[in-house]
Amino acid sequence: MTITTDTQQLSVNNQPITPTDSLQYRAIGRLWGRYVPSQEVIYKGQLITVDGIILDAILAKRASKIVQAQFDLSRDYLWTVYPRTLLSPNGIGLSVSLISVRKPSEDTESVQTEFQSLADNFSVQGVVVYLDYEFGIVEVKIQREPRMNLEPPKDFKLRLLGFLPPKSVKCFWNFQVRRVGTDLVIQSGECIKYMAHEQSKTKKLSTKPPKDTHE
């Protein structure tokens, strides 16, 4: 079962991040913007996107080392991020963890345009646990691998905007998603497997950033 939307053409040529395994939990994407750290610490701050959206952001340890060593924070860069969503008075809010950053090898308008074309696309895979047909909300559960062996698996729920066919709950879906403002909007999706009794067999979310997402 697959779905598409009228806005799918927005991401056709944008080389979306794709999963390495059909049953790998994941929620990852790219954003083009300027990171502004707080006055207290560098690893907490805000990401200001090229369209003026301000997102709460956390700078991961690996990305923090790269940024402090060689980056001018007054400029825009292509960031690889983990998204998180929450309900806010204005709808669904978006915050991100910045896990790596890519610096253009050449500072030209064409290179910056190319980098911007890669931004705002997300790959989301997980089990659909809630559907709101009135407001078009899809809630996807992502299972994240614990950082220590003795820790239990950690789940979180990501809220997307879109409409799925009936009986999509408890199914493992692969979504291509695009950021629109502070919303994550489904562009296309594929139902991979019905997971009511087999969730334990799926692979955990990889916490290692892709090799090609920083320079």
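In table form, for the structure just shown:
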| read-out | value |
| --- | --- |
| Within segment 38-101, strands (runs of 3 or more DSSP E) holding 3 or more residues that are open to solvent by 30 Å² or more (accessible area, probe 1.4 Å) and not basic (Lys, Arg) | 54-59, 77-88 |
| Selection within segment 104-126 - within 17 Å of Val81 (Cβ to Cβ) and open to solvent by less than 70 Å² (accessible area, probe 1.4 Å) | Phe115, Ser117, Leu118, Ala119, Asp120, Asn121, Phe122, Ser123, Val124, Gln125, Gly126 |
| Pairs where the first residue, in segment 104-131, is among the aliphatic types (A, V, I, L, M) and the second is open to solvent by 60 Å² or more (accessible area, probe 1.4 Å), C-beta under 8 Å, 6+ apart | Val111/Ser105; Leu118/Gln15; Ala119/Val50; Val127/Lys170; Val128/Lys170; Val129/Lys157; Val129/Lys170 |
| Filter result (touching a strand residue (DSSP E or B) at 6+ places or on another chain (Cβ under 7 Å), open to solvent by less than 60 Å² (accessible area, probe 1.4 Å) and at pLDDT below 95) within segment 143-158 | Gln143, Arg144, Pro146, Phe156 |
| When residues of segment 181-202 are limited to those that are among the β-branched types (Val, Ile, Thr) and modelled with pLDDT under 95, the one nearest to Ile54 (Cα to Cα) | Thr182 |
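The values are calculated or read from the model by the stated rules, or taken from the named source; none is laboratory data. All of these numbers come straight from a predicted model, not from anything done at the bench. Here Cβ is always computed from backbone atoms with ideal geometry, including for glycine, and neighbour counts include all displayed protein chains. Heads up: the accessible areas ignore ligands, DNA and RNA and are worked out on the full protein's heavy atoms, side chains in. Shrake-Rupley method; radii C 1.70, N 1.55, O 1.52, S 1.80 Å.
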